[in-house]
Amino acid sequence: MIKIYSTLTRQLEEFKTIEPSVVKWYNCGPTVNGLMHLGHARSAIAFDTIRRYLEYKEYKVVYVMNFTDIEDRMIEVAKREKRAVLEVAEEYLSYFRRDMASLNLKEATVHPRAMLHINQMIEFIEGLIEKGYAYESNGDVYFDVRKFEEYGKLSNQKLENVLQEGTADTKNPNKRFPADFALWKNEKPSEPSWSSPWGKGRPGWNLECSCMSRIYLGDTLDIHSGGQDLIFPHHENEIAQSESLTGKPFANYWLHNGYINIDKEKMSKSLGNYVNIVDLLQYYSTDAVRLFVLQTHYRSPIIFTEDAIDQAQITSDRLFDVILLTKNYATETTVDKSALSDLDKDLLEKITKAREDFVKAMDEDFNTSNGFAVVFDYSREVNDYLRKADKINGSVINKADELFDEFRSVFGLYEDFNNYLSMDLVEKLVKLLVEIRGEYRKEKNWEMSDKIRD
Ligand SMILES: [Zn+2]
């Protein structure tokens, strides 16, 4: 039985889906106005792994992740770079897709884009106005937060506190109440705009997710997820919009991942202390980055240091060696009917135990940190067996290999494994050289590193 910590109830809850064995999941995707950095990657890898685990547990996961291509921050970048918003979106979107693939993140079932759903957004707003939850004011449309009694339930705060926190834009004369938020924004010069019953303008960012999740997944989702920074106001506002319109719960489980910190500050693009994935992957393997992220539970903060990621690379390489060795034995030997030795029997027991322990760890709010501890222990045991056994039993080592495959499928590790096995000697040597070059670069030995590259 899977237990999930939901931000909405602030406790662990038994996971029950609306439809049996189907998970309807909406994850707030990135605003595509820059390169993918480690902060994005942390969130993406954490949720990709949870999704993989649910699939391992035989759920069919319908995973929807939007790309925000029209929003204030998109317009800022377009203005700065003196380009059209669409052009900026297309460019960064292609980089995002490239970086997501290199982190071995599974494609979403659907990747909706806001600009392609403007008409449905307008209909959504009209519905809210009809029900008395929204009002037009000088070409803008606002959500009337005082009409939604449960406003603040996700971020666990009362309306008075929302105002005290200073998050509400108090100076806007078009609003009836300072905490009201925009569903539709009146056209401004040199900004993209669409026709609407309230004149030309564009949708508010919060509305985009409420509308697109409903189009692809229906009124109630099983899981809604995103970074902790989205709890308020973004997800709070999504709840207000969706529940006011449909009268139904918007999402049954709210999952939020923790931050990644460099020098103890929240890592984000605005602070400038970010590491771009494309740069990071010059020095570290995809597996090292995934392992680095997943060694911490998804809700806890991660502190990024060069030492920590170096260590993750070493750990990942060691784990790979054991898995490769196991795979080699398993490929060479298949059916084996010879009598089992004590070592064989012992390993079989350990395989069963490791699988149980792994599931237990992951069932508890997807504790990848404990899950990895199981994998490391297990790899030591398999390694011991390989060293000590006089004769490797084919059936036993095949079972050991199968469990490694299961772990790899959940953590998304060593996906290029089969390629590696089928590589010829020259390719393996090239790979080795690339690794050695990486080592030199890490030691900042540029001379040797450049020599190898040339
Ligand atoms: Zn969102």
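The values are calculated or read from the model by the stated rules, or taken from the named source; none is laboratory data. Note that the coordinates shown come from a computational prediction; the quantities given were computed from them, not determined experimentally. Methodologically, a virtual Cβ is constructed for each residue, glycine included, from the backbone with ideal geometry; neighbour enumeration extends over all protein chains shown. These area figures cover heavy atoms from the full protein model, side chains too; ligands, DNA and RNA do not enter into them. Shrake-Rupley method; radii C 1.70, N 1.55, O 1.52, S 1.80 Å.
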Worksheet item: If we scan the stretch 54-64, do we find a residue that is within 16 Å of the ligand (Cβ to nearest atom) and in the same structural domain as A108 (by TED's automatic domain parsing)?
Response: yes
Practice prompt. Run down N237, N261 and say which single residue is assigned to a helix (DSSP H, G or I) and either within 11 Å of the ligand (Cβ to nearest atom) or farther than 21 Å from T17 by Cβ (or both).
Written response: N237
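Residues that are within 11 Å of the ligand (Cβ to nearest atom) and at pLDDT 95 or above: find the strands (runs of 3 or more DSSP E) completely inside the stretch 169-234 holding 1 or more of those.
Qualifying strands (runs of 3 or more DSSP E): 221-227.
Residue by residue, here is whether (1) among the hydroxyl-bearing types (S, T, Y); (2) farther than 25 Å from N66 by Cα; (3) open to solvent by less than 20 Å² (accessible area, probe 1.4 Å) holds:
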position: E130; (1), (2), (3): no, yes, no
position: V141; (1), (2), (3): no, no, yes
position: E150; (1), (2), (3): no, yes, no
position: K153; (1), (2), (3): no, no, no
position: K158; (1), (2), (3): no, yes, no
position: D169; (1), (2), (3): no, yes, no
position: N172; (1), (2), (3): no, yes, no
position: W194; (1), (2), (3): no, no, no
position: G199; (1), (2), (3): no, yes, no
Response to the item:
Counting only residues that are within 16 Å of the ligand (Cβ to nearest atom) and in a helix (DSSP H, G or I), the stretch 11-45 contains a total of 4
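Could you go through the stretch 210-223 and let me know if any residue there is among the aromatic types (F, W, Y) and either in contact with a helix residue (DSSP H, G or I) (Cβ under 8 Å, 6 or more places away or on another chain) or not assigned by TED's automatic domain parsing to the domain that holds M115 (or both).
no
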Practice prompt. Go through (1) of a type in the set (F, W, Y); (2) touching a helix residue (DSSP H, G or I) at 6+ places or on another chain (Cβ under 7 Å); (3) touching a residue at least 40 places away in the same chain (Cβ under 8 Å) one by one and return the number of the condition Y142 breaks.
Written response: (2)
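For the stretch 73-87, how many residues meet the condition of being closer than 19 Å to E208 by Cα and surrounded by 14 or more Cβ atoms within 10 Å (Cβ to Cβ)? Full working, then the answer.
Initially, the stretch 73-87 is screened for residues closer than 19 Å to E208 by Cα, giving 73-76, 85-86.
Okay, now just the ones that are also surrounded by 14 or more Cβ atoms within 10 Å (Cβ to Cβ), so 73-75, 85-86.
Number satisfying all stated conditions: 5.
From the list N186, N206, N161, N156, exactly one residue is in the same structural domain as R51 (by TED's automatic domain parsing), out of contact with any Phe, Trp or Tyr (no Cβ under 8 Å at 6 or more places or on another chain) and touching a residue at least 24 places away in the same chain (Cβ under 8 Å). Which is it?
On the way: N186 fails: out of contact with any Phe, Trp or Tyr (no Cβ under 8 Å at 6 or more places or on another chain); N206 fails: out of contact with any Phe, Trp or Tyr (no Cβ under 8 Å at 6 or more places or on another chain); N161 fails: touching a residue at least 24 places away in the same chain (Cβ under 8 Å).
Sole residue among the options that is in the same structural domain as R51 (by TED's automatic domain parsing), out of contact with any Phe, Trp or Tyr (no Cβ under 8 Å at 6 or more places or on another chain) and touching a residue at least 24 places away in the same chain (Cβ under 8 Å): N156.
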